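The values are calculated or read from the model by the stated rules, or taken from the named source; none is laboratory data. Small disclaimer: the values here were computed from a predicted structure and weren't measured. Cβ sites come from the backbone with ideal geometry, for glycine too, and all protein chains shown count toward neighbours. The protein model used for the area step is the full one, side chains on, heavy atoms only, and it has no ligands, DNA or RNA in it. Shrake-Rupley method; radii C 1.70, N 1.55, O 1.52, S 1.80 Å.
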Amino acid sequence: MDQVNVTVNATNNATGVKDEEWTDSVAFKIRTAILLLIVIMAVLGNLLVIVSVMRHRKLRVITNYFVVSLAFADILVAMVVMPFNFSVQFYNEWIFGTVICDLWNSSDVYFTSTSILHLCCISVDRYYAIVKPLKYPIKMTKKMAFVMLAATWLSPITISYAPIFMGWYTTSEYIRTRVQNQCEFKVNKPYAVISSSISFWIPCTIMIFTYLAIFKEANRQEKALHARAGNAMLMHRHSREVGDKNGALHINATTPTKDRNILKMKREHKAARTLGIIMGAFILCWLPFFLFYLSTSLCDTCEYPEVLTVIMFWTGYFNSALNPIIYAYFNRDFRNAFKNTLACAFCSFCRRNSMDSDALERLDRRSSTQLRVPISSRRQSDLASL
C-alpha cells in the first residue's frame with residue numbers, strides 16, 4: 001500500500017513539474033512575442049512617419065521637423081536600446097560585458113532624455129503658434145528650429161555618456177563588486193536627482209504649463225470665433241433684409257483672407273490637440289518609471305520584485321511605438337499620408353513582383369526556344385541522312 005502511495009505521489013509530482021514547465025514555457029513565448037511586437041511596431045511606425053513627411057509637401061512644416069526628429073530618436077530606441085533589454089529577458093543574464101553594459105545604459109538615458117526634449121520643443125513651437133501668432137513667423141524660423149534640434153540632441157550627453165563612462169553615476173562599491181554577467185543601473189543619489197530632473201521633471205513641468213496656456217488660449221479663440229460667426233450671420237441677415245426692402249445688392253460678410261485665417265487657426269488647434277495627446281501618452285508611459293527610479297534610488301532599504309522593473313522599462317519603451325498610432329488616429333493629414341505611403345509601397349512591391357514574374361516567364365520562353373532549336377536541327381539532319 002505504501003509503495004502504491006509513493007508511486008502515485010511521484011506521478012503527481014512529475015505531472016506538476018511538467019505542468020509548471022509548460023506554463024512557464026507558454027508565458028515565456030507570450031512575453032517574447034509581445035516584446036518583439038513592440039520593437040517591430042516602433043521601427044516600422046516611426047519609419048512610416050519619416051517617409052510620409054518626406055513624400056508629402058503638406059506635412060513639411062516647422063512643427064513636423066521636430067516630429068521627424070522625434071521619430072528618428074524612437075527608431076534608435078527600438079534598434080539600439082530595446083534589443084539589449086530583450087536579450088536580458090531572453091537569456092536571463094547579461095552576455096555582452098561591462099563596456100557594452102555602460103553603452104546600453106548611456107543610450108537608454110540619452111534617448112529617453114532626447115524624446116522628452118523633443119516634446120518640450122514641440123510644446124514651445126505650439127505655444128508661439130497659438131498664444132503669440134504674430135511673433136511666431138519671427139521667432140520660429142527654420143534656423144531657430146535647427147538650433148533647438150541641435151540642443152535637443154547634444155545636451156543629453158551631459159547626463160548619459162559622459163557621467164556613466166566616467167563612473168560618476170554610481171557608487172565606488174558597485175564599481176568594485178560589479179560582475180560580467182550582470183548589467184545593473186546602480187546610481188548614487190545625486191545622479192538620480194539630477195538626471196531625472198533634467199531628463200523628465202523639468203521638461204515635463206514646462207510642457208504642462210505650456211499646454212495649459214495653449215488650451216486656455218485655444219478655448220478663448222474658439223469662443224471668439226463662434227461669437228464673430230454669430231455676429232456676422234446677424235449682420236448678413238440684416239443687410240439682406242435692408243437690401244430686399246431697398247432693392248439693393250447685399251455683400252457677403254466673409255472674405256477669402258478671413259476664411260484662410262479661420263482655417264489656419266482650426267488647423268493649428270487640431271495640431272495642438274494631437275501633440276497634446278502625444279505629450280499625455282508620453283507622461284503616462286514614463287511617469288511610473290521615473291517615480292520608481294527616483295524612489296528606489298533614494299531608498300536604500302526598499303525591496304521590489306524584478307518583474308516590476310521589466311514592466312516599468314517596457315511601458316516606457318512602448319511609447320516609442322505609440323506615437324505613430326496617435327498620429328494615424330487623431331491627425332487627418334498624417335492619416336491620409338500614411339494611407340498614401342502604404343498604398344504606394346504595396347503597389348511598388350506588387351509591380352516589382354509582377355515584373356519579376358514576367359522576366360521569369362520570358363526567360364522560360366527563351367530557354368524552351370533554345371532547347372527546341374537543336375532538336376529540330378537534329379531531326380533535319382536525320383532526314384537528310386535518310
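Determine the relative contact order of region 65-151: mean sequence separation of Cα pairs under 8 Å and six or more apart, normalised by residue count, in whole percent.
Values: 39 pairs, mean separation 37.2, N = 87.
Relative contact order for region 65-151 comes out at 43 percent.
So for each of 298-308, 81-91 I average, over its residues, the number of other beta carbons within 10 Å; can you give me the resulting order with the highest mean first?
Highest-to-lowest ranking by the protection proxy: 81-91, 298-308.
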On a 26 Å Cα-Cα criterion, which of the cross-link pairs Lys58/Lys139; Lys135/Lys216; Lys132/Lys223 come out too long?
none
Please pull out the direction-averaged projected area of region 96-195, using the convex hull of its alpha-carbon atoms, in nm² to one decimal place.
7.6
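For Tyr127, Tyr329, Tyr169, what's the largest-to-smallest order of accessible area, 1.4 Å probe? Kindly include the intermediate steps, with their values, before the conclusion.
Values: Tyr127 60, Tyr329 165, Tyr169 5 Å².
Reading off the accessible areas and sorting them downward yields Tyr329, Tyr127, Tyr169.
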